[in-house]
Ligand SMILES: [Zn+2]
């Protein structure tokens, strides 16, 4: 799964001996301090973002290793000449006393990048020095994404992102980064929403496509469809639960976990058909039991009531 995220800011920093040694491990030829310009960027963090997703701290550490040596590009607002900068070192930084929406300590992945001090890069360097704010977009791949509440693969359970379950916020945790492709500076988009782009399985997702168009009406329509899809998933989850419940009532031999697994594989039509059959069977069973209860006294009747609950 490919992920693209944005974070703001770049800040110039000075080049010490250690820094230079690390840069020279990556550069084609030995560079001296006067030749290089270095700056720091906030690549990504562990905050739950507006898509209800976040990287865990372990994932940030893994990304830190993957980003070393990766080149960053600058959008056309800055340059048509394809200047690049390269990350030579990363670190995890903490902001004391700041908590994420998930309730743990906030931390972010900081990347240190260098570029050559050339005529071509002069304007760019001046802009970073001036603190002109640009966002940094990163692209990476993760092996898994899971629900923060139950740990199931994202999108397969009934938990809804943004809601709380027993005090626990539901979000998607992006796990096990496998590759970091790129990082780039882009102009801050007018619509924040348009800034995030995700591509799944190599191809482009519908959502990423719509976000790229920055078409308000299309985004609204997609949002509505997503809401409806979520409702559909909740309905199916409830239906599965109900069919399992009916099966257990009808058949004492049925095992709850086995049956739960079976219902996961059935589609809506099959579930409705099973529900109908079980209800019919239960309907045939119940009147007989009730008659027995009435005839044989209060004890059976109590049992029957407990059964109905
Ligand atoms: Zn879940």
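What follows draws every value from the coordinates through simple rules; no lab data is involved. What you are looking at is a predicted structure, and each value in this text was computed from that prediction instead of being measured. All Cβ positions, even for glycine, are placed from backbone atoms using ideal geometry, and neighbour counts span all protein chains on display.
Using alpha carbons only, what's the Rg to Rh ratio of region 115-177 with Rh from Kirkwood?
When Rh is taken as the Kirkwood radius, the ratio is 1.33.
Based only on other Cβ atoms within 10 Å, what is the fewest-to-most ordering of 235, 88, 112?
Placing the least packed residue first, the sequence is 235, 112, 88.
Going by C-beta contacts inside 10 Å, put 61, 159 in order with the fewest on the left.
Least to most surrounded, the residues fall as 61, 159.
Would you list 209, 185 from fewest to most Cβ contacts within 10 Å?
Ranking 209, 185 by Cβ neighbours within 10 Å, fewest first, gives 209, 185.
For region 81-143, report the % of Cα-Cα distances exceeding 20 Å.
48
Nearest 0.05, what FRET efficiency do residue 241 and residue 206 give at R0 = 41 Å with Cβ-Cβ as r?
After rounding to 0.05, the efficiency reads 0.90.
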